[in-house]
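The block underneath contains the structure these notes are about, expressed in structure tokens.
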Amino acid sequence: MKSIHIIFFLLVSLTATAQTTLSGFVHDGTGKPLPFASVALLNARDSTVAKGTASDQQGTYAFEHVRAGRYIVRATAVGYLKVHSTVLTVTSSPTDVPVLALSELTGKLAEVQVTAKKPFVEQQLDRMVVNVANSIVGSGSTALEVLEKAPGVTVDYQNERLQLRGKEGVIVQIDGKQTYLSAQDVIALLRSMSSDNIETVELITNPSAKYDAAGNSGIINIRLKKNSNVGTNGTASIAGGSGRFDRERGSLQLNHRTKKLNLFGNYSLNRGGNYWDFQLTRNQPDPSPADASRRNLVSQYTYLKFRDSGQNAKAGLDFSPTKTTTIGVVWTGFWSDHRERGPAGASFRRTEGGPVYLQTRTHKTYDVFSQNQVGNLNVQHSFGEKNGRRGRGQLTADVDFGHFSREYTNSLRTETLLAIGDVSSPVGGLLITQPSTVNIRTVKTDYNRPLANGWKLETGLKSASVKTDNDLVLSSGEAGALVPDPALSNRFQYTERVNAAYVSVSGKWGRGQGSKTDVQAGLRVEHTHSEGNRIGGPVLTLNQVVARDYLKWFPSLFVSRPLSPNQTLTFSYSYRIDRPNYQNLNPARGYVDPYAYNQGSPYLRPQFTHALETKLSLANGVFASLGANYTTDLMFFTIHALEGNKTYVTLENLGHSQGYTLTLSWPLTIVKGWQLQTNVLGYYNRFQYDYEGTLLHIQNVAGRLNGNNAFTLGHGWTAELNGWVSTPAVNGIWQTPWLGALDTGVQKAVSSALKLKFSVQDVFHTNRFRPTVKTPSGSQVGVLTFDTRIALLNLTYTFGNQTLKGERQRRTGSDDETRRAN
């Protein structure tokens, strides 16, 4: 394949979007308020849906941030005939919609057949949304497999980390709550999470000052399903299938909702097998004092069989003692059991085609059991609310308690098959045990209120505390006679407290009713105090404490303006931080095999990023954006040779980088019943850093194409055909070639309650990770293959009362970490 080169032109503009509020009432045929009706805002030109909401208990509804144009409002409710408003011309002033009166249906309701649904990937003005819940190809998968299909997301399986738009430093949240886990533990959590419990995945690349400043490349927020129907209802699903190994999934969601109380919960179980087939060649120097020019050419293979078992559970309630106050309690739990077994081998030469001077065979046993539990208490209160309209403001408060634990065991039994000359054979046995715990406490409160002339004030406080404890014991020796090695064992304790405050104001810039420019300006301040305490280890007999204490300010700005009734331009800027996680600060060694290990550094510094983005939204869902970012104290993984034929991987602060991104997204109706959603991402990155005494300048032009086809075949049949292709890319010293995959599936709606789905993922088994590393002193090339070609059959059954009631739109402290109002 020929390389694709994308030329970027950065358009920086301080003009952006003017928007207003459109509100109204929904009544029944007798004139009484009709609560929980579904209300949609339609473009008058083609009747496409621009926004959606639900009426509250007083029958009122409101659409915020509506661009100027011509619209129709549609209201529907179970048991009532739908009704449409007249065509409304919306300007920059707030608009009141005439009362919508719904007449009650008489007779038996006919079966409703859905002929359209949300696309798998949906580009919104401030985020990209992957609609997992209704996807055919996404059902029966894991959260990690779904993420890999999202535009701009890259899963590095070799080093177990995520990238967004070619950059690391991604913050993963679940229902708006940050996990605070290491990259490896996040990957394990996502691998154990069933996609059948996921509603959407949100990719937010430029959050405002209202949200945590962490995450230099953005936020990935996974929203779990939550039923919003009145009465008692639920959904059950079961899935099974196979690639080279079997896969089984099952999930259950339950909900009971009354006027003042909502009880909800879900549970999912997934289990199955997988494999890791890794081929690697290395060309590296041999840092021997006798001969500095001597080199090592290493060929390695690893074939591991996996067995995974994961459970997810969530339970909670929302109670509304008054119309203006809601109290909520939520508990979420995740359990994962991951086991690996298999052989690995290595052979060593001095020259290409030369004789092998050392050959070994290793049997690896790797077991990880982890659990993560989070409890949340939240309160929301509106002041001075009357007839469903907001009065003097709203106050929310959240308290979160989280506990994560992991039991880790890695056993390596090595046999030397050939050793020539004075080369030393590796130790016969290595056993690593590392129990880890993470305790999280967060307290957050937010307050917002309207100001004069249509402006709005938002402010809040947050305190987050994280405490981790890792006790690594490494034992070595001959099989059956392993002895703990105090020089390579250590206990690492890390504490971090971040206290934050923010203020944000938003409104229309300019005087008079004709003002069209909306502005949101914010400032966040975060004080961080951290301590890493290393107990034991090489040359250490006393504790070693590395403490950091710093105060940083994080401004943000969002400006938007309509260029025409169908065009809106938005500009955004934010300053962000990416703190190293505890595992990257831990100096303990984690052995992959006898010749390779990874190691953290307690002296890592956080990296900081300036991010700018200009977005243009056009009619009919066409969207384009152009962004730029500049990162200092750049952190990325490096590889170093040592001790003759060994290497180690570590995370370092090396220099700085700058990048430019281009995003294009557009929907297209090919023919009736065939919808195509296309997303194109291109990026250009430049890295400058000092690597082992050599100043490197690295440039990279890369891109990714996602195509999502949805087919409505009639008689309850629908189908999907989704694919993605990414070009060769460079991230520091790491390079990847062309990658891609194709997924397909069909669905039969047997009834309004029963759906049957069949899907095949990675049809041509092309999704193989091929990492390449090039440094001034050496190189390595690898091929990593998983069991990604899988056929799955999924059965979903919905039961109970299906009358829709508006789900509580609470603005809890943790939820606020992922939502941004433009």
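Here is the size of region 659-726 from its Cα atoms: Rg then Dmax, 19.5, 67 Å. For Val49 and Ile420, the FRET efficiency from 1/(1 + (r/R0)^6), where r spans their Cβ atoms and R0 equals 56 Å, is about 0.20. Listed cross-link partners Lys177/Lys552; Lys167/Lys774; Lys225/Lys508; Lys444/Lys516; Lys167/Lys210 are compared with a 26 Å cut-off, the Cα-Cα value being larger for Lys225/Lys508; Lys444/Lys516. For a Förster distance of 25 Å, can you work out the FRET efficiency between the beta-carbons of Thr772 and Leu642, rounded to the nearest 0.05? After rounding, the FRET efficiency stands at 0.75.
Per the 1.4 Å probe, what fraction of the accessible area of region 417-556, in percent, lies on carbon and sulfur atoms?
On the way: 4240 of 7150 Å².
Of all accessible area on region 417-556, carbon and sulfur atoms account for 59 percent.
Rolling a 1.4 Å probe over the protein heavy atoms leaves Ser217 with an accessible area of roughly 10 Å².
Of the chain, which part is the longest with no GluC sites (Glu not before Pro) in a loop (DSSP not H, G, I, E, B) and with at most 12 other C-beta atoms within 10 angstrom? Provide the component values of the computation, followed by the final result.
Details: sites that count: Glu111, Glu352, Glu478, Glu643, Glu692.
Longest run free of exposed loop sites: 112-351.
Taking label points 7 Å from Cα along the Cα-to-Cβ direction, Lys32 and Ala791 give a separation of 5.5 nm. Put the Cα centre of region 667-697 next to the Cα centre of region 574-588 and the gap is 25 Å.
Using alpha carbons only, the radius of gyration of region 616-757 set against its Kirkwood radius gives Rg/Rh = 1.17. Could you check how many percent of all C-alpha pairs in region 347-496 are farther apart than 17 Å? The share of Cα pairs beyond 17 Å in region 347-496 comes to 76 percent.
Under the 0.36 nm per residue contour assumption, what length would be gained going from the current alpha-carbon distance of Ser752 and His403 to full extension?
Taking Ser752 through His403 to full extension adds about 121.6 nm, to one decimal.
For Arg686 and Ala236, FRET efficiency with R0 = 45 Å and r from the beta-carbon atoms, rounded to 0.05?
Numbers: r = 51 Å, r/R0 = 1.14.
The computed FRET efficiency comes out at 0.30.
Available extension along the chain between Lys82 and Arg392 is 108.2 nm, counting 0.36 nm per residue and deducting the alpha carbon span.
Here the simple spin-label model places points 7 Å from the Cα toward Cβ, and for Thr21 and Ser779 these points are separated by 6.2 nm. Within straight-line reach of Lys82, meaning a Cα separation under 19 Å, sit the following aspartates and glutamates at least 8 residues removed in sequence or on another chain: Asp28, Asp46, Asp56, Glu104, Glu111. Place a point 7 Å from Cα of Glu478 in the direction of its Cβ. Which residues in region 393-425 have their backbone N less than 14 Å from it? It comes to 414-416, nothing else. How many angstrom lie between the C-alpha centres of region 184-226 and region 308-330? Centre-to-centre (Cα) distance: 19 Å.
Looking at the square roots a ≥ b ≥ c of the eigenvalues of the Cα gyration tensor of the chain, which shape do they give, rounded for a/c under 1.5, prolate if a/b is larger than b/c, or oblate? It comes out prolate by the Cα gyration axes.
Kindly express, to the nearest 10 degrees and within the range 0 to 90, the angle between helix 183-192's C-alpha long axis and the longest C-alpha principal axis of the chain. Helix 183-192 sits at roughly 60 degrees to that axis. Accessible surface for region 542-641, divided over its residues, is 36 Å² per residue with a 1.4 Å probe. Just check region 139-253 against the gyration tensor rule for me: Cα atoms, a ≥ b ≥ c as the square roots of the eigenvalues, rounded for a/c under 1.5, and otherwise prolate or oblate depending on whether a/b exceeds b/c. Because a/c hits 1.5 or more and a/b fails to exceed b/c, region 139-253 counts as oblate. Taken about its Cα centre, region 660-769 carries a charge dipole of about 480 debye when Lys and Arg each add +1 at the Cβ and Asp and Glu each add -1 at the Cβ. Altogether, the Stokes-Einstein calculation at 10 °C and 1.306 mPa s, with the Kirkwood radius of region 735-793 over Cα pairs as Rh, returns a diffusion coefficient of 112 µm²/s.
For region 444-502, with every protein chain kept in place, what is the accessible area per residue (1.4 Å probe, Å²)? Before the final figure, lay out each step's value.
Details: 2780 Å² over 59 residues.
Here the residues of region 444-502 average 47 Å² of exposed surface.
Sort out for me the Cα centre separation of region 463-510 from region 345-367, rounded to whole Å. A separation of 34 Å, based on Cα centres.
Computed extension length for Val379-Leu451: 23.6 nm, one decimal, from 0.36 nm per residue of separation with the Cα-Cα distance subtracted. Between Val155 and Tyr275, the modelled label-to-label distance comes to 1.8 nm, taking each label 7 Å out from Cα in the direction of the beta carbon. Rounded, prolate or oblate for region 700-762? Axes are the square roots of the Cα gyration tensor eigenvalues, ordered a ≥ b ≥ c, and the cut-off for rounded is a/c under 1.5. It comes out prolate by the Cα gyration axes.
The values are calculated or read from the model by the stated rules, or taken from the named source; none is laboratory data. Not measured: the values here are computed from a predicted model. Here the Cβ is made from the backbone with ideal geometry for all residues, glycine too, and neighbour counts use every protein chain on show. Keep in mind that these areas ignore ligands, DNA and RNA; they rest on the heavy atoms of the full protein, side chains included. Shrake-Rupley method; radii C 1.70, N 1.55, O 1.52, S 1.80 Å.
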